[in-house]
Structures are given as structure tokens and as C-alpha cells.
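Visitor: My questions will all concern the structure given below.
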Amino acid sequence: MAVGRSAVEFNVIALFYYLIAIYLSMHTGVDVENSAWKFGYVFTVFGILFSIYLSYLYVKFVFRDRNSWQGFEFGRRSVELGQAIVQLTCLVLFHCAFTAMKNNLRFFNNYNWDERLADLDKAIHFGLDAWVLYVDIFGDVSFSVMEFFYLPVWLLFFIVTVVHCIFFEKNKLFKRKYLITYAFTWIFMGNVLAAGFLSGGPVYYSNFTDGSIRFEDLFSYQRNLGFAETRFFEVQKFLWQEYESENFQIGTGISAFPSMHVSIATLSALYLCRKGLFFALIGVSYVVFIQIASVLSGYHYAIDGYVPIIFILFVWHLYTVKDVDAEMQLNCQRSL
């Protein structure tokens, strides 16, 4: 288990982000008592249970190695466990803040980017809507299978990755890179870019434009494959009902560009790439799958996924260069 100073930066970002979310929610009318913040209570319980389980594993490990009870080693491991639990708490606050901020987007801009994003999407796909090209290339995919990997598996994928990084990543430079990129992804991609290019995606295109039936062919394709019987369809109806009623709850808020599903899948894949070729292939394959699912489900235009992939790879590369410089400086200091 390794925590160290790399945890401090993320903790500060999370707490500052949380305070900003509270401030904005107080001024826009988002009910912080009865909406996104309930998620914090649920996630905190999960965090406590998970921490107890990790503590059990930790004590079990120490009992196996009785020397670890002696002196500095036991104290160091205890401090690391405490720091990790604090950071997990900050992670909870961070995601509470994101949910509230996402529900605040409608107060900062209008949903007026759908037509332009749809036109751009069509232009870069040789005059075709992306979903048509995807079906031609990959064929029909079961929406039941797709929803399983797009909803619960995605949630598990990103939670396991970030929690593993918090508790078990030993390379402090790599951990810092991952957590700072993680914060950048949610805040810049999920809030800043989303607010600047506010859109609803194909599923809500007619609601936010002039009632156009531009994506009727997509919806017909979905109906033929039993889309209405999946949770995809239920969630889409739920999101629109919550939007119209201005009822801000966990998981609500409409924002297509950029796709956070693709964003976090990409970041998690980069984390897995460090674990070996096998895990790298799993991560990359999952990003491709999520990109396809986000388009065929009607949640996103294809460009909603392309942009975050490029951004995250760029930021990751910048931190990789900095990591190399930091390691070279450290090696030079050790050689003196």
C-alpha cells in the first residue's frame, strides 16, 4: 500500500471543487439537501465498508509477518492506510460535487449545440451519421449485452481502477499523474467543456432543436432490435422527466458533449496499460466498445467520444514527459 504526498493535491482539488459546487447550488436553486448529496451518504457507507474490509486484510497481512508489528514498519503502514481512507472520503466528495455541477449546467448555457455537433459528426464520417457507419463496420449488437457493459460494468470498471490506485499504487509519480488526470477529466471535460458546448445528443435532438426527426432512422433501428425493452430506454425517459420537472437527483443532468463514459473508460485503459499487454488489450477493447455503445444507444454523437480520447491522451503524454524529467532529476540527485 502506498499513498504519500501524491494524495494531498487530489484531496485539495476535491475539497475546493466540493465547496464551489455548494456555492453554485445555493445560488442556482439546486437542492443540495435532497438531490446529489444523498449520493454522498450512500457512497460514504460503501467507503466505510470497503475500508473495514481493507483493514481486515491489512491486519491479516501483518499477522502473517510479525516483524511488521515492530517499530517504524507498522507505524508507516498504519499512516498509509489512514491516508488512503481520507483520500477515499475526498473521492466521495469529489463525485458529489460533479453531480451537483452537472445539474447546474443548464443555468450557464442553453442547449444550442446539437445541430452543429450533429453536422460536424456527419461531415467527419463521409456524409453519414456515425451510427450508420458503425453498424456497417461492426454489425448489429445486442442492446441487452450493450447496456450491461455500458452501465454496471462501466461503473465497476472506473471505481475499481481509482480505488486500486488510491490503496495499492506504489509508484508515486504514476499515481499523481493518474489522479490529477482523473480530476482534470471530470472537471474540465465533464463541467467546463460540457457547459461550453451544451447538447443533449441524438436521443434528445428533437427536444432541443425545432422538433426535427433527424435521427428517426436510428430510433427505428433501435426499435427493431428491442431497444425499448432495455434499461437504456428507461434511463433516457427518466432523464428527460427529471429535466422537465427540474428534479435534481443522482445520475440526472443531460449533457452529451463530451462523453464521460468514453472519457473515464479511456483513463482507466491507460491505467491498465501499465499492468501489462493483456490488461492493455482489455482496456483498449473496452474503450472501443463504449464508444460504439454510446453512439448506437443514442446518448452521444461520435465526436463526443473522439474529443475526450484526444484530450486525455494529450494530458497523459504531458505528464509522462514530466515524469521522465522528474525521474532524471531524482537519479542525478542520487548520483551526487
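The values are calculated or read from the model by the stated rules, or taken from the named source; none is laboratory data. Small disclaimer: the values here were computed from a predicted structure and weren't measured. Here Cβ is always computed from backbone atoms with ideal geometry, including for glycine, and neighbour counts include all displayed protein chains.
Visitor: Using beta carbons and a limit of 9 Å, which pairs, at least six apart or on different chains, have the first residue in the stretch 116-139 and over 18 Å from F257 (Cβ atoms) and the second one among the basic types (K, R) and part of a helix (DSSP H, G or I)?
Guide: L128/K122
Visitor: Looking only at helices (runs of 4 or more DSSP H) that lie completely in the stretch 77-196, which have at least 3 residues being of a type outside the set (A, V, I, L, M) and over 16 Å from the mean Cα position of the chain (by Cα)?
Guide: Because the criterion is at least 3 residues that are of a type outside the set (A, V, I, L, M) and over 16 Å from the mean Cα position of the chain (by Cα), the helices (runs of 4 or more DSSP H) in the stretch 77-196 that meet it are 114-124, 130-138, 143-150, 172-184.
Visitor: What single numbered condition from (1) under 30 Å from F126 (Cβ atoms); (2) free of Cβ contacts under 8 Å to residues at least 60 places away in the same chain; (3) small (G, A, S) fails to hold for S263?
Guide: For S263, the exception is condition (2).
Visitor: On the given criteria, is G226 in contact (Cβ under 8 Å) with a residue 60 or more places away in the chain, crowded, with 16+ Cβ neighbours inside 10 Å and on the phi > 0 side of the Ramachandran plot?
Guide: No; evaluated as a whole, the condition is false for this residue.
Visitor: Right, another one. Going by the structure shown, is R231 in contact with a Leu (Cβ under 8 Å, 6 or more places away or on another chain) and surrounded by fewer than 18 Cβ atoms within 10 Å (Cβ to Cβ)?
Guide: yes
Visitor: Now for a different question. Which one of Q236, Q241 is in a helix (DSSP H, G or I), on the phi < 0 side of the Ramachandran plot and loosely packed, with under 13 Cβ neighbours inside 10 Å?
Guide: The unique qualifying residue is Q241.
For every residue, the table says whether it meets (1) at pLDDT below 95; (2) over 16 Å from G200 (Cα atoms); (3) in a loop (DSSP other than H, G, I, E, B).
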| position | (1), (2), (3) |
| --- | --- |
| I290 | no, yes, no |
| Y301 | no, no, yes |
| D304 | no, no, no |
| I309 | no, yes, no |
| F314 | yes, yes, no |
| H317 | yes, yes, no |
| D323 | yes, yes, no |
| A326 | yes, yes, no |
| L330 | yes, yes, no |
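Visitor: Is there a residue being in a loop (DSSP other than H, G, I, E, B) and among the acidic types (D, E) anywhere in the stretch 201-223?
Guide: Within the stretch 201-223 (the criterion being in a loop (DSSP other than H, G, I, E, B) and among the acidic types (D, E)), the answer is yes, since at least one residue qualifies.
Visitor: I would also like to ask the following. Give me the pairs, please: first residue somewhere in the stretch 81-93 and farther than 11 Å from A14 by Cα, second residue anywhere and modelled with pLDDT of 80 or more and buried (at least 21 other Cβ atoms within 10 Å of the Cβ), beta-carbon distance under 8 Å, and either six or more positions apart or on two chains.
Guide: A84/I166
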